[in-house]
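The following block contains the structure, expressed as structure tokens.
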Amino acid sequence: MRNTNALILGLGATVAMVAAPALAQGALAMLDTLDKGGWEVRYRDGSTARKVCVSTGRELLQLRHRQGTCNRFVVEDGANEVTVQYTCRGNGYGRTSIRKERSNLVQIDSQGIADGKPFQFSAEGRRTGACN
């Protein structure tokens, strides 16, 4: 009986560990509430601003890794802030936090490795109109 209880407890712990990452893979619902259309991302370090066409909000997560083949892990999935960690096989990784101020204004912080070089930036994203 003692071995059976230990086996059941062990299986329960294994199921909990396997289920936990699935629960952490949130839907990023906050990004769905952002206004669709053309956005401008202005970097705080004075780098050239970037235009982004936003249709889901997820376009703002990987500004230094444009390929869509990256694996993402949702770290935080709040009503006004999301944090995503991602790995792009053969091209580095990143971690991005997006804080929503309004549906047309966000604050972005990101860091990681792209093309073999480290990056870190803070930026403001603002909807500017229709996509070009």
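The values are calculated or read from the model by the stated rules, or taken from the named source; none is laboratory data. Everything quoted here is computed from the prediction, not taken from an experiment. Neighbour counts run over all protein chains shown; Cβ positions are idealised from the backbone, glycine included.
Residues in segment 112-132 that are in a strand (DSSP E or B), in contact (Cβ under 8 Å) with a residue 24 or more places away in the chain and closer than 18 Å to residue 69 by Cα: how many?
2
Got a number for residues in segment 69-94 being in contact with a Phe, Trp or Tyr (Cβ under 8 Å, 6 or more places away or on another chain), modelled with pLDDT under 95 and crowded, with 18+ Cβ neighbours inside 10 Å?
Adding up the residues that qualify gives 1.
Right, next: Out of 97, 122, I need the residue that is on the phi < 0 side of the Ramachandran plot, modelled with pLDDT of 95 or more and crowded, with 17+ Cβ neighbours inside 10 Å. Which one?
None of the others qualify; the one that does is 97.
In this structure, does residue 52 turn out to be of a type in the set (A, V, I, L, M), touching a Leu at 6+ places or on another chain (Cβ under 8 Å) and touching a residue at least 60 places away in the same chain (Cβ under 8 Å)?
yes
Looking for whichever is under 16 Å from the mean Cα position of the chain (by Cα) and without any contact (Cβ under 8 Å) to a residue 12 or more places away in the chain here; the options are 95, 66, 58. Which one fits?
The unique qualifying residue is 66.
(1) of a type in the set (A, V, I, L, M); (2) out of contact with any strand residue (DSSP E or B) (no Cβ under 6 Å at 6 or more places or on another chain); (3) surrounded by 12 or more Cβ atoms within 10 Å (Cβ to Cβ): which one isn't true of residue 108, the others all being true?
Among (1) of a type in the set (A, V, I, L, M); (2) out of contact with any strand residue (DSSP E or B) (no Cβ under 6 Å at 6 or more places or on another chain); (3) surrounded by 12 or more Cβ atoms within 10 Å (Cβ to Cβ), residue 108 violates only (2).
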